[in-house]
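Only the coordinates and a few stated rules stand behind these numbers; no lab work does. Source: prediction; values computed, not measured. Every residue, glycine as well, gets a Cβ built from its backbone with ideal geometry; the counts of neighbours run over all protein chains shown.
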Amino acid sequence: MTGTDLIRLELSTDAFEQIAAILAERTGIRLEPGTERLVVSRLSKHLRRLGLASFEAFLEHIRRPSGAEDLAAMIDALTTNTTRFFREAGHFRILEQDIMPRLAQKARAGGRVRIWSAACSSGEEAYSIAAVVAKCMPDVGQHNFRILATDIDSKVLKAAQDGRYPATAKRDAGPDFAARLFEETRDADGMLRVRAALRKLVTVRYLNFMDPWPVSGPFDVIFCRNVAIYMEPDTQMRIWSGLEQVLDRDGVLFIGHSERIGPPLSDRLELFGPTSFRRPGAAMSQ
């Protein structure tokens, strides 16, 4: 029996529930019963690195001040980061065809334009947005137009800041956007890098939805997709309400296809496309 097998045997129901409670308190994310194997697979390497033989010992460690870095590592490890370029392509079509004409006009008239990728993971969503913006507005760099990309996972934020992706990213971007997005690097590993002009549009920052938000808006567009689905209903509503408060009068909010905003905000946000919301009477294109 290997060391890994021994660690797997140590994930008791009580230890799982304690880990789930810490994750919920710190991030709002809910670990459902039945995800024990996921916890084991993502945390075992940290137990081995620390030389700990059980999850109980790991829990004791991360509750001490000296375990703060490993607590952060646990949160990073248990945060789901499924993403790709132009995921849920319908939202990007709406951005390109219905929203960008108005935003380009606003920026060229001297206005401030802000788009928020509120759970950017390793950056694919934010750079997909940037590619659409640059396609619709080639002179975007001359105007007050910026994209904010935030996430709770410090590891993926580093990847987002680097803007380097495997060659398979071209397939996800498709022929229309691959050339706009990437420049070939000289690295032997054949990685692609997002073009410098697009990287300049994007600011990458850490944000935990359970902490006070260091953003004030207003945002013309917010992408917050496939985040609230992992949270309790009251936490979801707090996030939707917070996003609505920093949304511009004519702003648009995109959420994940498995998510629902619910009746409490129905008088302030209306559905106008697949999981696409705006304020009643908001302007789209001009």
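Points worth noting:
- Pairs of lysines in segment 95-241 whose Cα atoms sit within less than 23 Å of one another amount to 9, provided the residues are eight or more positions apart or on different chains.
- Cα radius of gyration and Dmax for segment 41-144 (Å): 21.2, 63
- Per-residue Cβ neighbour counts within 10 Å put Tyr127, Tyr206 in the sequence Tyr206, Tyr127, beginning with the fewest.
- Semi-axis lengths (Å, descending) of the ellipsoid that matches the C-alpha gyration tensor of segment 63-208: 28, 19, 14
- Here segment 104-162 is treated as an ellipsoid with the same Cα gyration tensor; its semi-axes, largest first and in whole Å, are 24, 11, 8.
- Take every DSSP beta bridge whose two residues both sit in segment 198-286; close to 55 percent of them are antiparallel.
- Remark: C-alpha extents of segment 3-78 on the principal axes read 32, 30, 19 Å, sorted largest to smallest.
- Principal axes of segment 79-134: Cα extent on each, largest first, Å: 40, 20, 14
- Helix 68-78 vs. the chain, principal-axis angle (Cα, 0 to 90°, nearest 10): 70 degrees
- Karplus-derived 3J(HN,Hα) values for segment 127-137, using 6.51 cos²θ - 1.76 cosθ + 1.60 with θ = phi - 60°, are 6, 5, 4, 4, 5, 5, 4, 5, 5, 7, 9 Hz; glycine and proline are entered as x.
- Here the Debye sum runs over all C-alpha atoms of the chain as equal scatterers in vacuum, and log10 of I(q)/I(0) at q = 0.10 Å⁻¹ comes out as -0.59.
- Percentage, to the nearest whole number, of Cα pairs in segment 70-110 over 17 Å apart: 59 percent
- Neighbours of Ser128 by Cβ distance under 12 Å: Lys/Arg scored +1, Asp/Glu scored -1, total 0.
- Listed from fewest to most Cβ neighbours within 10 Å, the set Ile22, Ile152 follows the order Ile22, Ile152.
- DSSP bridge orientation in segment 124-272 - percent antiparallel, rounded to nearest 5: 35 percent
- Radius, Kirkwood style, for segment 196-286 when every pair of distinct Cα atoms is counted (Å): 14.1 Å
- Of all DSSP bridge pairs formed entirely within the chain, close to 40 percent run antiparallel.
- In the chain, helical runs assigned H by DSSP with n ≥ 4 each contribute -39500 (n - 2.57); averaged across all residues and rounded to the nearest 500, the mean residue ellipticity at 222 nm is -13000 deg cm²/dmol.
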